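Enquirer: Take a look at the following structure, please.
The values are calculated or read from the model by the stated rules, or taken from the named source; none is laboratory data. Here the structure is a predicted model, which means the values were calculated and not measured. Cβ coordinates were reconstructed from backbone atoms using ideal geometry, including for glycine residues, and neighbour counts include every protein chain displayed. When the accessible area is computed, the model is the full protein with side chains, heavy atoms only, and any ligands, DNA or RNA have been set aside. Shrake-Rupley method; radii C 1.70, N 1.55, O 1.52, S 1.80 Å.
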Amino acid sequence: MYKDVRKKYLHGEIVAMALPLQLAVNKRPEAEIEELKDFLREAGIPVSIREAGVPEEGLEELISYVHRVTIPDDMELLEQIRDGFQYIM
């Protein structure tokens, strides 16, 4: 998905952008998530998918993709992913 966005960043930068979502799914405290986002900003890494250029109209498709490549039959995980997206918007 979003090849035009992906080609602007190294693989590690894309992984770093998703770390706040991962922390949210892992039920880490919001303060810890915000601290990570501050660190990423200092490193010059986008902290939101909007900053990276991902269009908002494909958000549900992106959430479904993330769920599908993890544990697709875990509907609780889908809700955690959906909720966690607030940290990368």
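Enquirer: Can you list the trypsin sites (Lys or Arg not before Pro) in region 3-51 that are in a DSSP coil and have 13 or fewer other beta carbons within 10 angstrom?
Expert: Counting only loop positions with at most 13 other Cβ atoms within 10 Å, the trypsin sites (Lys or Arg not before Pro) in region 3-51 are LYS7, LYS8, LYS27.
Enquirer: Between MET75 and LEU10, how many nm apart are label points set 7 Å from Cα along the C-beta direction?
Expert: 4.2 nm
Enquirer: Counting only heavy atoms of protein chains, what accessible area per residue, in Å², does the chain have with a probe of 1.4 Å?
Expert: 65 Å²
Enquirer: Of GLY84, LEU10, ALA52, which is farthest towards the positive pole of the chain's charge dipole, taken about the Cα centre with +1 and -1 on the beta-carbons of Lys, Arg and Asp, Glu respectively?
Expert: The listed residue farthest towards the positive side: LEU10.
Enquirer: Next up: Relative contact order of the chain: what whole-number percent is it, with Cα pairs under 8 angstrom and at least 6 residues apart?
Expert: 40 percent.
Enquirer: Work out the length of the dipole vector of the chain about its Cα centre, built from +1 on the beta-carbon of each Lys and Arg and -1 on the beta-carbon of each Asp and Glu, and round it to the nearest 20 debye.
Expert: 420 debye
Enquirer: Could you tell me which residue out of TYR65, MET1, PRO29 lies farthest along the dipole of the chain toward its positive end? Charges go on the beta carbon: Lys and Arg +1, Asp and Glu -1, centred on the Cα centre.
Expert: It is MET1.
Enquirer: Still on this structure: For the chain, how big is the tail of P(r) above 22 Å, as a whole percent of Cα pairs?
Expert: Within the chain, distances greater than 22 Å cover 24 percent of Cα pairs.
Enquirer: Please identify every one of the chymotrypsin sites (Phe, Trp or Tyr not before Pro) in the chain that sits in a loop by DSSP and has no more than 12 other beta carbons within 10 Å of its own beta carbon.
Expert: none
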